[in-house]
1. What is the one condition in (1) in contact (Cβ under 8 Å) with a residue 40 or more places away in the chain; (2) away from the ligand (no atom under 16 Å from the Cβ); (3) in a loop (DSSP other than H, G, I, E, B) that Ala266 does not satisfy?
2. Working carefully through the options Gly209, Gly200, find the one that is small (Gly, Ala, Ser) and on the phi < 0 side of the Ramachandran plot.
3. Can you tell me how many residues in the range 91-114 are within 30 Å of Pro195 (Cβ to Cβ) and within 12 Å of the ligand (Cβ to nearest atom)?
4. Can you report the number of residues in the range 244-263 which are in a helix (DSSP H, G or I), away from the ligand (no atom under 16 Å from the Cβ) and over 19 Å from Asp302 (Cβ atoms)?
5. Name the residues in the range 322-345 that are within 10 Å of the ligand (Cβ to nearest atom), under 26 Å from Gly305 (Cα atoms) and buried (at least 24 other Cβ atoms within 10 Å of the Cβ), would you?
6. Return the pair list, or none, for Cβ contacts closer than 8 Å from residues in the range 274-289 that are among the acidic types (Asp, Glu) to residues that are open to solvent by less than 10 Å² (accessible area, probe 1.4 Å) and within 14 Å of the ligand (Cβ to nearest atom), at least 6 apart or on different chains.
7. Need the failing condition index for Asn43 against (1) under 29 Å from Ser261 (Cα atoms); (2) in a loop (DSSP other than H, G, I, E, B); (3) of a type in the set (S, T, N, Q), just the number.
8. Would you point out the residue of the range 114-127, among those that are assigned to a helix (DSSP H, G or I) and either open to solvent by 20 Å² or more (accessible area, probe 1.4 Å) or at pLDDT 95 or above (or both), that is nearest to Thr191 (Cα to Cα)?
Amino acid sequence: MGSKRVPAYNIHDLERLARRRLPHGLFEFITRGAEDEITLHENLASLKRIFLRQRVGIDVSDRDLSIELFGQRLPLPIIVGVTGLSGMVHYRGEVEIARAALRAGVPYTVGSTSFTALADLPAERRDKLWCQIYPTKRRDVFDYQVEKAAEARAGALVITMDSAIASNREYMRHNGFNIPIKPTLRTVIDTLAHPGWLIGTYLRYWLEGMPRFANLPPGHGQLFKKDADVTGLAFGEDFTWQDIAELRRRWPGPLVLKGISTREDAAIAADHGIDGIIVSNHGGRSLDGCVASIAALPEVVDAAGERLAVMVDGGFLRGSDIVKALAMGARAVMVGRGTLYGLAAAGYEGASRALFLYREEISRAMGLVGCRTVAALGPNHVTVPSATAMPSGWR
Ligand SMILES: Cc1cc2nc3c(=O)[nH]c(=O)nc-3n(C[C@H](O)[C@H](O)[C@H](O)COP(=O)(O)O)c2cc1C
C-alpha cells in the first residue's frame, strides 16, 4: 500500500501534484468552496485550534487502528467519501479510487455523479461499497438509484442532506467549468496547457465515447451533451424527513445521512432509526458561513448518544486531525479531497499513497498521545476551545 513511486510525503504534496496535472478549472472544482469560502477555511482553522493532550509512560509498541462500524471490523478509522466527477479527475477515476480503498480495507462511497455504475466497480467485498444519493426533485430518479444500490448490494446508503438547493460557486462561472461542459476558448487553452490530463484522461474518453453519470437512469447525466436533459440533477428542495421515513421502510441495510450538523437533526435522525450520520458541510462547498464540521461534532455526538454511529468530514488532511475527531467521539472520519488529490496526482497509486500516509500519521499521532487502540482515545486527549466568540460589533 502506498507506492513510493509517488513523490508525496503528506497530503499537501499530493495537492501540489494534483494542481500541476489538472487543468486549472478542474483543479478549482475539487479544491475550492462556495461563495467567500468562509466554511472551507474554517474547517481547516477549527481543527488547528484543537490541541492534543499527550500522555506518556504508556506501552504503545503494538498499535491497533481498527474500528467496528455497522458490524464490520475496518483496519482504519477512515471512510473514503464521495467526490463527484472523480472520473474527470482521472481516467476511470472511481474504479481507481475504489481499488485503492478496498486494498486498504476501508469503504469507498460512490455517488450520483460517478462515470462508473456502482455495479461495475471492482469489489471483492461489495459491503465496502457505499452508495451516495442526492435527494432529487424527480423522485423517480431518486428511486431508480435506490433500486440500483439494492441490486448491487451496496454496504450502506448515504443520503446527502445538506444540499436542498444548488450551491453558489462563483469561481466556476469565472473559469468556465460548468455542467453541461461546453468548451470555451479559456477552457481549451487551459486544457492544452495540461497535456498529461488531456491525453491520459480526456482523449481516452473521447476515443471510446464520452462518459455519462452512470448511476442515473438512461437518458440522464449526459454532461458533455449540449442539449442534455438535466432535470434528473435538480435538487429536491421539497425533500423532508417524511421521505427519509419512507426510505427507512424500504432500505433494510445501513442508512446514513450526510450533512447533519446540529443536535436537533441528530436527534430526529435517531428517532427515524437511521444507522449513522456524517457531520459535514460538504467540504465548504454548500452553505457558506455555516459552522466547521469539527466544531459541530460535540453537540451531535452528545445528541446521538449510543443510538447511531457519528462520523465527520471536512478538512482532514493530517492523521493527527483524524485522531482529534476520534478523541471527540467520532466513530470514523470520512476523507474527501485527501484521496482525491492522490487520484488526480497518480490514479490508483496516488489514492493508495494518500491512504498510506493517513495510516502512518494516525498510527504515529495515536502512539504519541499514549493510545494503543482507537477505543482508548477520549475527551481527555484533546483541548477544545470554548464556543467561538462573536465578532466585535455583532448585535
Ligand atoms: C470535488 C468534490 C466533489 C464532491 N461531490 C460530492 C457529491 O457528489 N456528493 C456529496 O454528498 N458530497 C460531495 N462532496 C463532498 C465530500 O463528500 C465531503 O463531504 C467533503 O469533500 C469533505 O471535506 P474534505 O474534502 O475537506 O475532506 C464533494 C467534494 C469534493 C471535493
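1. Result: Ala266 fails condition (3) only.
2. So the residue among Gly209, Gly200 that is small (Gly, Ala, Ser) and on the phi < 0 side of the Ramachandran plot is Gly200.
3. Result for the range 91-114: 8.
4. Adding up the residues that qualify gives 5.
5. Passing the criteria: Val333, Met334, Val335.
6. Filtered contacts from the range 274-289: Asp275/Ala156; Asp275/Val256; Asp288/Gly33; Asp288/Ala34; Asp288/Thr39.
7. Result: Asn43 passes all but (2).
8. So, considering only residues that are assigned to a helix (DSSP H, G or I) and either open to solvent by 20 Å² or more (accessible area, probe 1.4 Å) or at pLDDT 95 or above (or both), the one nearest to Thr191 (Cα to Cα) is Asp120.
The values are calculated or read from the model by the stated rules, or taken from the named source; none is laboratory data. Computed from a predicted model, the values in this text were never measured in an experiment. Reconstructed Cβ throughout: ideal geometry from the backbone, glycine too, with neighbour counts over all protein chains shown. Note: accessible area is taken over every heavy atom of the protein model, side chains too, but ligands, DNA and RNA are not part of it. Shrake-Rupley method; radii C 1.70, N 1.55, O 1.52, S 1.80 Å.
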